[in-house]
Ligand SMILES: Nc1ncnc2c1ncn2[C@@H]1O[C@H](COP(=O)(O)OP(=O)(O)O)[C@@H](O)[C@H]1O
Ligand SMILES: [Mg+2]
Ligand SMILES: [Zn+2]
């Protein structure tokens, strides 16, 4: 069975979610036949870099685009012609994907230089997709630079990286640069819903939201998690997902945060003990709490931040966070956040993970 993330790779620029600005520019270039010779795609994993690179390879070579002006003006590949299909199936000789993480040396780039000089075997354009480009060695970058300085007319380079800062300026200045963004949680949820419907999977809505939240903006991670979770059992529930991702759901974190915010020490400790009994990872819980209070405190200080958090949180989580941020007292809760951060670093090396967290809570919640 084809992995979900491969089966649902967008086939059109228009299907690429969350990268509207990039899509608009690329489509326009496609319509005007103004594709660049070198692109640099940067951004977090699972946001569409490889997908966009393959779309460019198809757009540059699509037969239907070349033959039908009406279709050409859509700025999209047809996905039906022999070349589009060869590229989709990964058997196009003129689309060369290189994983720089395992081919990082000068020899590999020399081979590449050699290949760049040769004309394409059967396509109009030879497209070189260099993934994890930041892993190339210094000499390899230099060799690549020579190629980018005078690329033959038939060559298109697409460098993809999760670490933009590690790409030498000489390389990036010769490329069209696009920064891919993390996906908003709602975009992730919506795509997961479509996949669930198409695959007739059984999974409840809250579980889906938890998967989307755990993916932290990476659609590939969300799709892989969905794959992993639905292959395990029938009718997936929130509890099952929480167990698998080893993460306390944001709602549970929020519940605990709510008790802390009302300074109810006995109830807070009681709930913590229960969470511990249920086998949740307390180090992760503390990390979640830190994120939670960081957001609540920021929101209290600047209500405009709601627009940022909207991208990362489900509607329910955002509502809860907003209510809690109203209870924030900066004099009390900034020190609490500091204690939690200290507890987090202590508990990672402690054989009693719960103790540093309990102490942090007691220190902050006892009436002074
Ligand atoms: N922006 C996006 N829109 C829709 N699906 C996406 C997007 N980004 C990633 N995906 C999904 O995740 C999979 C992996 O994406 P990919 O383009 O390989 O990510 P990257 O190269 O940025 O790590 C795709 O096959 C697709 O299913
Ligand atoms: Mg990739
Ligand atoms: Zn085509």
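Any read-out appearing in this document is the output of simple, stated calculations on the displayed coordinates, not a laboratory observation. Since the structure is predicted, the reported quantities are computational estimates derived from the model, not experimental observations. All Cβ positions, glycine included, derive from the backbone under ideal geometry; neighbour counts span all protein chains shown.
The equivalent ellipsoid of the chain has semi-axes of 47, 23, 19 Å, largest first, where each one is the square root of 5 times an eigenvalue of the Cα gyration tensor. Here, P(r) means the percent of Cα pairs in each 5 Å bin from 0 to the largest distance; for region 133-272 it is 2, 8, 15, 12, 10, 9, 10, 11, 9, 7, 4, 2, 1, 1, 0. Shown is the FRET efficiency for residue 294 and residue 68, computed with R0 = 51 Å from the Cβ-Cβ distance and rounded to the nearest 0.05: 0.45. Relative to the longest principal axis of the Cα atoms of the chain, the long axis of helix 185-198 makes an angle of roughly 70 degrees.
Against the chain, whose longest principal axis is taken from its Cα atoms, helix 138-149 shows a tilt of about 50°. Working out 0.36 nm times the residue gap between residue 107 and residue 21, then minus their Cα-Cα distance, what length gain in nm do you get to one decimal? Taking residue 107 through residue 21 to full extension adds about 27.3 nm, to one decimal.
At full extension, residue 28 and residue 190 could sit 55.7 nm farther apart than now, given 0.36 nm per residue minus the alpha carbon distance.
Taking N as the residue count of region 72-206, its C-alpha radius of gyration divided by 2.2 N^0.38 Å amounts to 1.31.
Remark on region 12-126: hydrodynamic radius 15.2 angstrom, per the Kirkwood mean of 1/r across alpha carbon pairs. In terms of overall dimensions, the C-alpha atoms belonging to region 185-245 reach 25, 25, 17 Å along their principal axes, ordered largest to smallest. Quick one: in region 250-365, what % of C-alpha pairs are over 18 Å apart? Here the tail beyond 18 Å accounts for 47 percent of pairs.
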